[in-house]
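Here's the structure, in structure tokens; my notes come after.
The values are calculated or read from the model by the stated rules, or taken from the named source; none is laboratory data. Model, not experiment: these values are computed from the prediction. Cβ atoms come from the backbone with ideal geometry, glycine included; neighbour counts cover every protein chain shown.
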Amino acid sequence: MLQLFKLAFRNLGRNRRRSFFSALALGMGLAILLLMASVLDGEMRQAMEGTIRLQSGHLQVRASTYNEDRTSLAWEDLIEKPDEMARKIASLEPVAAATPRLFASGIAMSGDKSQGVRVIGIDPASAANEPYIKGLVNGEFLKSDDRDGILIGLPLAEKFDLNVGDRLSLLINTSDGSVDTQNFVIRGIYSTRTTPYDKSTVFLTLAKAQAITRTENHASIIFILLKDRAQTEAVVNALQAGSLQVKTWMQMNELVLQTEQFADAYMIVLFLIVLAITATVIVNTLVMAVFERTREIGILSAIGMRSSRIMAMFFAESVLLGIGGIVIGLILGGLMVVYAANIGFYIGNMGVSGMLLGDRIYAHLTLGDTITLTITALVVALLAALYPALLAARMEPVQALHGGKK
Amino acid sequence: MEVVKTENVSRIYKVGEVETIALRDVSLSIENGEFTALIGPSGSGKTTLLQLLGCLDQPTSGRVWINGQDVSRLNRNQRADVRRGTIGFIFQFFALIPTLTAYENVEMPLLLNGHAPSQRRERVMQLLEAVGLTDRANNRPDQLSGGQQQRVAIARALAPNPSLILADEPTANLDTPNGKQIMEIMERLNRETGVTFVFATHDPRVIQFARRVVALSDGLISSDTVIEQAAPVV
Ligand SMILES: Nc1ncnc2c1ncn2[C@@H]1O[C@H](COP(=O)(O)OP(=O)(O)OP(=O)(O)O)[C@@H](O)[C@H]1O
Ligand SMILES: [Mg+2]
């Protein structure tokens, strides 16, 4: 066995450049696959994480008749005394934050410009506001007693050419089906780096939002973040309450989950293409080696080497090429992934509705992907050796000895 | 006892529509310890016969026995098994594995036979000494002269203690002194170890070493002469 690898190693050493480039091809293939897998994983993670943090939360409690698409504001579609309920939910052990939110649709106006917006009334004290607090680029966050302050996104501020302290008027739907207009002072400008979201989402305090929409002491939802996603089912069971409905992040983000599945399938196709190209290079190298070494194969066969052993010799070469390729691939791929994980890729405004994705993708490589791809690379190297090895094993010693004479 | 025996062996090569009869009904028996030359003009079938004696090839008709075993109808792996450890080959081109040192080339058949490392070491060194190449053990073939390479090939052929060594024009690519040295080594090893040698040649200087001369002509044995006296001193 050891002898086999010694022989294989020396055989690869005969044509160092060719061996190196074959290993490099495999290494680059592996590196590209690692990068693709990590970018995809990072993208999907971010999409899910972003959508949960900005939009859906891990869980939402809603009135059973609440219609998300219509942003219903009728009292019977809302939750009554939401603060009380939020407090109760927040006291559950797995819950990180639970806070009432009120949604209304409106139009922001400044000068002759206007922009359709979703108005969200929030409890400024809640920990669930973290993405906006952290994302503040100017001014300050809303305070609980703020009666005319508004928080807007950076893209909207740029579009309207407004800054902190400037005024903005908001036309907003109310509970009785009419509209109301009111002027607000911009307290702060936030950015979540998710342009479509930031452009069309503005925040008021919950009290102010309730007042202007005439929903009094009602909220659209209780927005819940968990300490650990895995606790979802347990909390859902604890929350089951008569006339209310509980939605999980999976139910609310089906689109993201579907996109993830689709992306995974798409990825497998890309994997196969990259691997096929890589395999071709190795097959080529080894077939060339078989023909170059025809006479040697004849000699080894003449002194009694069995076909299986001759095949094993080529498999050993391929394993060594594979290991070389994997080392190159892990180093190259590792560097690319580290770069992509820290610097990220700027993808600009690519948010798909229902799926919130920041303007940069950061790669995220899982150990599972790394192991799977590494093993796959080795398997590809071995599969690629099959044909050349068979070719060598099928040679009749007499012909092989003759073949070398020329 | 006979090491190898053929009975009415024919070998017909087919290339496309063209059939070449390389051997016609050849019956030949090689006894243990022989030092036999196979002679004949080019194309007379010497190489073909050696390949059949060495179980490298299969006869079109007729039968071949090696150490009493019928090897006429065996598959590739079975033939490899028969050859391994039983038959040594020496070729006209110095058929060494270029990536292996002289030592490793000689060691190869022992590895294939599964000898223990200490046993291998002793045997290889003993053989390299027998062919006068102890100081070249770690040289690769491309660092050896033709004569030295052929001596390594002899050592390799001898390594697993075979019953039969077949040499196809072992001196054809060597100059006279080197060719003579090769023949002297083969002759000495034959005398000392009793291993049977059959070698094909058309070199008269080589033929004179033989104790039996089988002449082939157009695929037939045209004469088979036993020479009483041992190799003459030239
Ligand atoms: N693989 C082959 N395919 C077709 N014909 C072959 C093959 N090998 C040998 N022959 C033919 O068989 C005949 C005998 O060839 P062989 O090689 O045995 O002769 P030889 O006595 O060894 O000749 P030389 O002294 O030139 O080596 C020749 O006519 C040759 O052309
Ligand atoms: Mg010949």
Mind listing whichever residues of the range B:53-88 are within 16 Å of B:T196 (Cα to Cα), within 13 Å of ligand 1 (Cβ to nearest atom) and among the hydrophobic types (A, V, I, L, M, F, W, C)?
B:L53
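Okay, residues lined up against (1) within 16 Å of ligand 2 (Cβ to nearest atom); (2) within 17 Å of B:I30 (Cβ to Cβ); (3) modelled with pLDDT of 85 or more:
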site: B:T193; (1), (2), (3): no, yes, yes
site: B:A200; (1), (2), (3): yes, yes, yes
site: B:R205; (1), (2), (3): no, no, no
site: B:S217; (1), (2), (3): yes, no, yes
Here are some conditions: (1) within 8 Å of ligand 1 (Cβ to nearest atom); (2) away from every other protein chain (no Cβ under 14 Å). B:K14 meets all but one. Which one does it not meet?
(2)
Looking only at residues that are within 16 Å of ligand 1 (Cβ to nearest atom) and crowded, with 21+ Cβ neighbours inside 10 Å in the range B:89-114, which one is farthest from the other protein chains (Cβ to nearest Cβ)?
B:I90
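Would you call B:R121 within 14 Å of another protein chain (Cβ to nearest Cβ), farther than 19 Å from A:A302 by Cβ and either within 16 Å of ligand 2 (Cβ to nearest atom) or in a helix (DSSP H, G or I) (or both)?
Yes: the conditions hold for B:R121.
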For the list (1) outside any helix (DSSP H, G or I); (2) within 14 Å of another protein chain (Cβ to nearest Cβ); (3) surrounded by fewer than 19 Cβ atoms within 10 Å (Cβ to Cβ), I need the number of the one condition that A:R309 fails.
(1)
Got a sec? Which strands (runs of 3 or more DSSP E) wholly within the range B:1-74 have at least 3 residues that are hydroxyl-bearing (S, T, Y)?
B:2-15, B:18-31
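Could you please find all residues in the range A:268-303 being within 14 Å of chain B (Cβ to nearest Cβ) and assigned to a helix (DSSP H, G or I)?
A:A289, A:E292, A:T294, A:R295, A:E296, A:I297, A:G298, A:I299, A:L300, A:S301, A:A302, listed by residue number.
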For B:A80, all conditions in the list (1) free of Cβ contacts under 8 Å to residues at least 12 places away in the same chain; (2) in a loop (DSSP other than H, G, I, E, B); (3) among the small types (G, A, S) hold save one; what is the number of the exception?
(2)
Restricting to the range B:35-51, name every residue that is away from ligand 2 (no atom under 13 Å from the Cβ) and out of contact with any helix residue (DSSP H, G or I) (no Cβ under 6 Å at 6 or more places or on another chain).
B:T36
Matching residues in the range B:183-215 (on the phi < 0 side of the Ramachandran plot, under 15 Å from the mean Cα position of the chain (by Cα) and small (G, A, S)) number 2
Per the list (1) within 20 Å of the chain's Cα centre (by Cα); (2) of a type in the set (K, R); (3) away from chain A (no Cβ under 14 Å); (4) within 29 Å of A:G13 (Cα to Cα), residue check on B:K180 breaks on (4)
Across the range B:185-220, the tally of residues that are away from ligand 1 (no atom under 13 Å from the Cβ) and among the polar types (S, T, N, Q) stands at 4
In the range B:60-80, what residues are facing another protein chain (nearest Cβ under 10 Å) and over 17 Å from the mean Cα position of the chain (by Cα)?
B:N75, B:R76, B:N77, B:Q78
Restrict the check to the range A:295-315 and report whether at least one residue is over 25 Å from B:G54 (Cα atoms) and either assigned by TED's automatic domain parsing to the domain that holds A:A25 or modelled with pLDDT of 90 or more (or both).
yes
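Matching residues to (1) in contact with a strand residue (DSSP E or B) (Cβ under 9 Å, 6 or more places away or on another chain); (2) under 21 Å from B:E31 (Cβ atoms); (3) without any contact (Cβ under 8 Å) to a residue 12 or more places away in the chain:
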{"position": "B:A159", "(1), (2), (3)": "yes, no, no"}
{"position": "B:I185", "(1), (2), (3)": "no, no, no"}
{"position": "B:R212", "(1), (2), (3)": "yes, yes, no"}
{"position": "B:L220", "(1), (2), (3)": "yes, no, no"}
Filtering the range A:219-245 down to residues that are part of a strand (DSSP E or B) and either over 17 Å from A:T71 (Cα atoms) or in contact with a Ser or Thr (Cβ under 8 Å, 6 or more places away or on another chain) (or both) yields A:I222, A:F223, A:I224, A:L225, A:L226, A:L244, A:Q245
